[in-house]
Structure formats: structure tokens, C-alpha cells
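Below is one structure, written out as C-alpha cells; comments come after it.
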Amino acid sequence: MQTISDRSATGPPVSADLLPFLAGAAFAASAVGAALAYADLDSPLRAPLALFYLVAAPAEAAAFALRRLEPLARIVASLSGAVLIDLLTAESMAGLHLWSPRNGVTAVGMVSLLLVLLGTGVNRSGDGRERTVKNTER
């Protein structure tokens, strides 16, 4: 059995294990924010967690769809895309007189779900492409 000091010397650094944990915590907090906003409960955590959901859900979906990029580029692109999705959703819903917190959470959730579904069709590596090569040495 390895101890923490043995593992950091031979295995991946501790920060590599921290990233999936933080992503899971962000997903859980955003899910609670969506549930509080959708259920229309009066809670002091409703507004901050719903706002976190409105940024985190499209950012996590865009990061999943852009997983072939370098980590820093993926973070910047996913956060920029999340702000763009939020602004376009709010503007279009306000223009159509459909805006409410429940409708906004639903619309952002649907756009995020579409991003995740689009991201599942992306090859993670170029190994999936087949290439036919003719043998010219005869």
C-alpha cells in the first residue's frame, strides 16, 4: 500500500487528482442550483447557486465538446462560450417575453445538453480515421 508521500514521488502529482474532484464538486453545486431555481424554493443559496449553474453548465458542456484542445485554451474557450450562451439565451427569451428564472434554467440546460451530445461525436484522437495506402513497390 502506498502512502501519500510515496504516491506523489512515483505517480501523478496530487493536483492531477484534484481536477476531477473539483469538476465533480462544480457539477454537484450547479445541479443543486438548478434544482433550487426550478423548484422555486426560498433559500439564501438559491440565487448564487442558480447563477453558478448558469455559468457552469454551458462551460462544462463546452469543455467536454472541446476536449481536443490544450487545457488553457479549453478553459478560456469554454468560459467565453458559457457567457455567450447565457447572453444569447437571455436576450432571445427577453425579446420573446418568455423570461423567468425557471425558463432560463431550462433553456440553458437544454443548450448545454445539446453541446454534450454534439461533443460525443468528436474523435478524441486521430486513431479512428482509416487511411488506405497503396503499395507502389512491386
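Bear in mind that the values in this text are calculations on the coordinates, not laboratory data. None of these values were measured; they are calculated from a predicted model.
Quick notes on this one:
- At 1.306 mPa s and 10 °C, Stokes diffusion of region 4-120 via Kirkwood alpha-carbon radius, µm² per second: 103
- Full extension of the chain segment joining residue 47 with residue 134 gains 25.1 nm, where the gain is 0.36 nm per residue of separation less the Cα-Cα distance.
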